[in-house]
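This report concerns only the one structure given below.
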Amino acid sequence: MSGSKKAMIWERDEKAILKLHKPEEQMEYILVTDVGSTTTKARLFQKVKGDWRYVLSGEAPTTVEAPYENVIMGVQNAIREIEELTGLKILSEEGRIIKPHSEGRGVDFYCSTSSAGGGLQMTVAGVIKTMTAESANRAALGAGAIVMDAIAVDDDRPDYEKIDRLRHLRPDMILLAGGTDGGTTTLVMQIAELISAADPKARLGADYKLPLVYAGNIDVRPAIQGLMKEKFTLDIVDNLRPQLEVENTEPARRAIHELFMEHVMSHAPGYPELMKWTDLDILPTPAGEGMAIQLIAYMEKKNVIGVGLGGATTNVYSIFDGKFVRSVSANLGMSYSISNVMKEAGIDNILRWIPFEIEKGSLIDILRNKMIRPTTIPHTLKSLLVEHAVAREALRLGLRHHKTIATRLKGARTEHRMVGDMLEYSLLETYIEMMKISIIAGTGGLLSHAPRRGQALLVLTDAFQPEGVTKLYQDSVFMMPHLGVLSKAFPEIAWNIFDKDCLIRLGTVIAPAGAANMGEPVVDVKMEMPDGVIFQKELNFGEIVGVPLAEWTSARATISPKRGFDVGAGRGKSLETVVEGGVVGVVVDARGRPLVLPENDEERRKSLRKWFDVLQLYPEGFAEDDLK
Amino acid sequence: MKDMANTKEKDDLAEEAYAYTPGLKVKRNMIVSKSRSLPIPGEVLCEKGAKVSFDTIVARTNILGIPNIIKAADILNVEGDVLPAFLVKKVGDPVKEGDIIAKYAPFFGLIKRFVRSPVEGVIETISDITGFIVVREPPTPIEVKAYISGTVSEVLPGRGITVETQAALIQGIFGIGGETHGILLTVVGSADEILSEEKILPEHKGKIVVGGSLVTLGAFRKAMDLGVAGIIVGAIRGLDLTECLGYELGVAITGDEAIKTTLIVTEGFGRIGMSARTFNLLKDLEGYEASINGTTQIRAGVIRPEIIIAHQKGALRSEDEKLTGGMRPGTPVRIIHEPYFGRIGVVESLPANLQEIQTESPVRVLTVKLEEGIVIVPRANVEIIEE
């Protein structure tokens, strides 16, 4: 899978190559860190017999906040852990990274991602909520930002409310779009004047000039310059919606990245020094993670959905027909934001995934206690099952949010549509079709720490409800951001490590889309296993089955859905394909799409226990002895 | 002695960060310093060495007034670029509410249209592109109070001060409501007792009431009705918190709630007895003036709610000065996750190898000696009780 021809399609940061300490082929060690909000995670990679591999990790608390206020300390501590575990001396007496590697000391290349201090926080603005403001939102998200608010002329809020919001938000940066080139000027200036009047302050302090990227109608540039240049650090780039039918977010994304480095990172404690250490620009962690997910799509040439289920946020990435979109649900997560999952999903939606009786009040207290002590881990099976229930809802909501961003360009005219149809057209839904998603890749503590891999597979399946034939991946060790940033300079090295040491193939899920009555036949699956044995089974509605098929093996399959069901070839039509194995194997899911759980509580718990048992997700007897 | 975190050299701090994550502070006697600063530069009203009380105003400034956008061209029914021709005021002019800023009288004055200022303020901008006029309201004054009684130890010119005082400091785990102060009063007999409605009395108005394991919804509502300044208690039920607030809290970022009574819980949600150490300390300091703040932020840059009770009770004791040096056998800990939630014990051993727990996860564990015996707990599920 590491063919150089494929890797060449990846955009490589040539600047980084120029700064190499030694020729690429002579490099032996690469160090990458991710400076997270709470933990700094260092990963060491080494070339072994010509093959780049992951060696090990070192982690330490991030030291960006008081009383330390120097991110370097956490980085050094994480590196020291690697030094202790490997015996490889990486830091000099002065505490700097030794480069290049020579005489058994140092590394040849170092780069980093960062989300410390809340990452990159932005406010975006545009003229029309569903057009330029939405494009600005996508551009900021794609650059790895958390979007605090999207302001638009038509966003249904009165001006004073928008002004009040702008005065209270303290972003790192503002992205202002609006108008097509040659289009409206008045409306663009209306939103610009509103921002100027609100005089928003930067998160870094009132003394600091807030960066503002203007990516709107080119005709308004002189007026924007006159209005904004005193109050803001202004950067003017190409319009991100030069025409209604075109979205060009790349210039805005690049400007955001440069301003992030020059005006945000360089003011954060310890970062000016860290920026000197790194051989590549520091990327926001979600941007690194997004690059890693894109790497999967590029290498496998498939539509991919990736998800990072964190403690505070859930990032969803999609590459669908070549289009990359990222969404971040800033308050959906498994620890800091666990109560917000409960709030947004509703307690009943969490309860529906729990296979034992529990009072709502007790469940609420359990989740609130996790929120206030976010670093605690499940000690009992009961608490593990509760967390898996919450994860299903966090992921479901994260994907739902993603679909509101991964939409067709609203306002774009097609051959069959007139201007008058725009409103109707703007109501069209997402372009993401689960039937056309071939790979789902998950990362984040809950998924990677799941005691049995099958648990991660079913959590992802229940939440995302893949249709047809879908491969499921997850990472072994948290290093997607690391490999993403590394891929900027060395895509082949990054993919080699990704493929061999990071991605765990959980297996393949075969899920016919459609609905029936409980017990009615849904699909007939026939698989020719690698040892020649034929597996054949007809599944009825409500059933799920697991078929062991090891990682790196595959089976020829004939999947014949019953009338009304579709596995990718059309309703009732057979699909012949090759399914790939994984640590869990192949899971045939005949529970229907959309997945419907029994309404009766006892029936629902019984179904959950049956599914968990069939896939051997939890220790035997989990439902009887430990939980009652 | 100063708070350790503020006095140690940064190199040592890096080492400390590497070694452990501290628990919540329950300190009987220490020098507490609080930084009191303005959000934007302004005037500092105290000098170094000055004695301040919790309600002394120590700094003040003015925040830029609210801008009001007037869609003037729309009101006059003219294009934006001709708006200047109809102005009767210019940029920089002060205006009162109702003052005419622009007028248009076509057809020999048969039709008259006026643009009036909706507020008192100053005309900041007039746009001949959009036809918008911005009137900026007068600046809003803001003041910062000392919050704790003590001595000004540092002055940051134009920014604020640092107040220092000898006090007991207790950190809660979660709170709602902002800064307040009042006389400390314990109204329950033990740390396990429920703070129920009948225990809240009219004479508790303006006081900080200490309860036991749980504050009921009725008790908290009554406290708010009677004007109780604050409640410190072991826990509250999650459902009751929603009732108190009137909305469901999603993320633990609090302090700005519009409630009359600040609430600080020391243990968590459900019914959990307040730790004996915290309860006894609060009881011991009954009658003292306490400054409390429910502000909580559980994310990077963690802020826990705090109770600061300035007192001169006894000299600094040597055991109060020691640093928590990480977890070791004998360290007092609180278990912070099921199935032993809220239990207090001491570390018995810290096995080096990973151990499989009921979930089948291999994790780092420790053994904790509780009253009824020794239990195995993931290390992530205990917190050090800082002495």
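The values are calculated or read from the model by the stated rules, or taken from the named source; none is laboratory data. Keep in mind that what you see is a predicted model, and the values were worked out from it rather than measured. In this analysis, Cβ positions are derived from the backbone assuming ideal geometry, glycine residues included, and neighbour counts consider all displayed protein chains.
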Answer yes or no as to whether A:A78 is within 22 Å of A:M265 (Cα to Cα) and within 12 Å of chain B (Cβ to nearest Cβ).
yes
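So that you can scan it fast, the table gives a plain yes or no per residue for (1) buried (at least 24 other Cβ atoms within 10 Å of the Cβ); (2) of a type in the set (D, E, K, R):
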| site | (1), (2) |
| --- | --- |
| B:V122 | no, no |
| B:D128 | no, yes |
| B:P157 | no, no |
| B:V163 | yes, no |
| B:V215 | yes, no |
| B:K222 | no, yes |
Within the stretch A:188-217, can you find the residues that are within 24 Å of B:E79 (Cβ to Cβ) and within 8 Å of chain B (Cβ to nearest Cβ)?
A:M189, A:Q190, A:E193, A:L194, A:S196, A:A197
Could you check the stretch A:519-554 and list, in sequence order, the residues that are within 30 Å of A:K500 (Cβ to Cβ) and small (G, A, S)?
A:G532, A:G546, A:A550, A:S554
Candidates A:T113, A:T123, filtered to the one that is assigned to a strand (DSSP E or B), closer than 30 Å to A:H21 by Cα, touching a residue at least 40 places away in the same chain (Cβ under 8 Å) and outside the structural domain of A:M73 (by TED's automatic domain parsing)
A:T113
Complete set of residues in the stretch A:531-584 that are under 30 Å from A:S476 (Cβ atoms) and in contact with a helix residue (DSSP H, G or I) (Cβ under 9 Å, 6 or more places away or on another chain)
A:I544, A:V545, A:G546, A:V567, A:G568, A:G582, A:V583, A:V584
Residue tally, condition in contact with a Gly (Cβ under 9 Å, 6 or more places away or on another chain) and either surrounded by 19 or more Cβ atoms within 10 Å (Cβ to Cβ) or more than 7 Å from chain B (Cβ to nearest Cβ) (or both), over the stretch A:348-362:
1
Residue list for the stretch B:342-360, restricted to those being more than 36 Å from the chain's Cα centre (by Cα), surrounded by 13 or more Cβ atoms within 10 Å (Cβ to Cβ) and either in contact (Cβ under 8 Å) with a residue 40 or more places away in the chain or more than 10 Å from every other protein chain (Cβ to nearest Cβ) (or both)
B:S349, B:Q355
Unmet criterion (only one of (1) touching a strand residue (DSSP E or B) at 6+ places or on another chain (Cβ under 8 Å); (2) surrounded by 24 or more Cβ atoms within 10 Å (Cβ to Cβ)) for A:V325:
(2)
Scan the stretch A:559-579 for residues that are part of a loop (DSSP other than H, G, I, E, B), free of Cβ contacts under 8 Å to residues at least 40 places away in the same chain and closer than 11 Å to A:V523 by Cα and report the count.
4
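Conditions tested, residue by residue: (1) within 14 Å of chain B (Cβ to nearest Cβ); (2) among the charged types (D, E, K, R).
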| site | (1), (2) |
| --- | --- |
| A:V55 | no, no |
| A:E59 | yes, yes |
| A:K89 | no, yes |
| A:R96 | no, yes |
| A:S112 | no, no |
| A:T123 | no, no |
| A:K129 | no, yes |
Given the structure, is A:V147 at pLDDT 95 or above, more than 14 Å from every other protein chain (Cβ to nearest Cβ) and not in a helix (DSSP H, G or I)?
no
Restricting the stretch A:167-182 to residues that are assigned to a loop (DSSP other than H, G, I, E, B) and of a type in the set (A, V, I, L, M), the one farthest from the other protein chains (Cβ to nearest Cβ) turns out to be A:A177
Number of the condition not met by B:S196 [criteria: (1) closer than 30 Å to B:R36 by Cα; (2) of a type in the set (S, T, Y); (3) in contact with a helix residue (DSSP H, G or I) (Cβ under 9 Å, 6 or more places away or on another chain)]:
(1)
Hand me the list of strands (runs of 3 or more DSSP E) wholly inside the stretch B:57-120 holding 1 or more residues that are within 14 Å of chain A (Cβ to nearest Cβ) and exposed (fewer than 13 other Cβ atoms within 10 Å of the Cβ).
none
In the stretch B:247-295, how many are more than 14 Å from chain A (Cβ to nearest Cβ) and of a type in the set (D, E, K, R)?
7
Which residue pairs have Cβ atoms closer than 7 Å, lie 6 or more positions apart in sequence or on different chains, and pair a first residue in the stretch A:9-29 that is at pLDDT below 90 with a second residue that is hydroxyl-bearing (S, T, Y) and buried (at least 17 other Cβ atoms within 10 Å of the Cβ)?
A:I9/A:Y298; A:W10/A:Y298; A:W10/A:S487
